[in-house]
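Working notes for the structure below.
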Amino acid sequence: MAARIDLTLDCTDAQLLARFWREALGYVDEPPPAPFATRAEWLAQFDLPEGESVDDGAWLCDPDGIGPRLAILKVSEPKTAKNRLHIDIRVPGHGTPDERWARIMAEAVRLVAAGGVVREEFTGHHLVLADPEGNEFCVAAGPATTLV
């Protein structure tokens with residue numbers, strides 16, 4: 001049996017990035033683990049260090065239960081280099097290369113409106129964007145991109 005994975009994203013503002021990634025991925029806030037009613041109640045069991053709060057983390061999940069969960073956690077050190085691992089957002093649908101590129105560009109416009117920034121364009125293939133804290137990710141056509 002294959003292992004399931006979660007992704008963890010370090011940041012300086014967990015709530016800012018949670019808003020962006022909820023919009024980007026169509027994810028929702030993950031409910032706290034049973035038997036806890038709230039994340040604050042769940043976190044209380046860990047004896048958080050002075051000055052840390054429930055707002056220093058966010059936990060997102062795919063509402064369909066297919067994609068990996070995403071934990072967004074505040075850390076004290078800033079981002080200093082290119083990500084060694086990044087997320088690819090795949091835009092679904094078939095069609096001609098021009099039609100696929102138009103969908104990729106439309107998705108980039110949507111993500112820029114949500115707070116992302118286009119970093120690099122590989123015309124006809126994919127775009128490199130960054131979230132509001134500079135974490136790079138790509139936008140490309142989905143894996144099943146046969147010509148019609």
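The values are calculated or read from the model by the stated rules, or taken from the named source; none is laboratory data. Owing to the predicted nature of the structure, the values given are computational and were not obtained by experimental measurement. As a convention, Cβ positions derive from the backbone with ideal geometry for all residues, glycine included, and neighbour counts pool all protein chains shown.
Look through GLY124, GLY115 and report the one residue that is surrounded by 14 or more Cβ atoms within 10 Å (Cβ to Cβ) and either under 14 Å from ALA24 (Cα atoms) or modelled with pLDDT under 95 (or both).
Numbers: GLY124 fails: surrounded by 14 or more Cβ atoms within 10 Å (Cβ to Cβ).
Just one listed residue meets the conditions, GLY115.
The set of residues from region 73-99 being within 19 Å of ASP13 (Cβ to Cβ), in a strand (DSSP E or B) and of a type outside the set (A, V, I, L, M) comprises just one member, LYS74.
When the residues of region 10-36 are narrowed to those that are aliphatic (A, V, I, L, M) and at pLDDT 95 or above, which ends up surrounded by the most Cβ atoms within 10 Å (Cβ to Cβ)?
Taking region 10-36 as the starting set, the residues that turn out to be aliphatic (A, V, I, L, M) are 14, 16-18, 24-25, 28, 34.
Next, only the ones that are at pLDDT 95 or above stay: 14, 16-18, 24-25, 28.
On the way: ALA14: 22, LEU16: 16, LEU17: 25, ALA18: 21, ALA24: 21, LEU25: 17, VAL28: 11.
If we take residues in region 10-36 being aliphatic (A, V, I, L, M) and at pLDDT 95 or above, then LEU17 is surrounded by the most Cβ atoms within 10 Å (Cβ to Cβ).
Being surrounded by 14 or more Cβ atoms within 10 Å (Cβ to Cβ), on the phi < 0 side of the Ramachandran plot and either assigned to a loop (DSSP other than H, G, I, E, B) or without any contact (Cβ under 8 Å) to a residue 60 or more places away in the chain (or both) holds for only one residue in LEU70, LEU43, and it is LEU43. All of (1) farther than 29 Å from MET105 by Cα; (2) in a loop (DSSP other than H, G, I, E, B) hold for PRO63 with one exception: (1).
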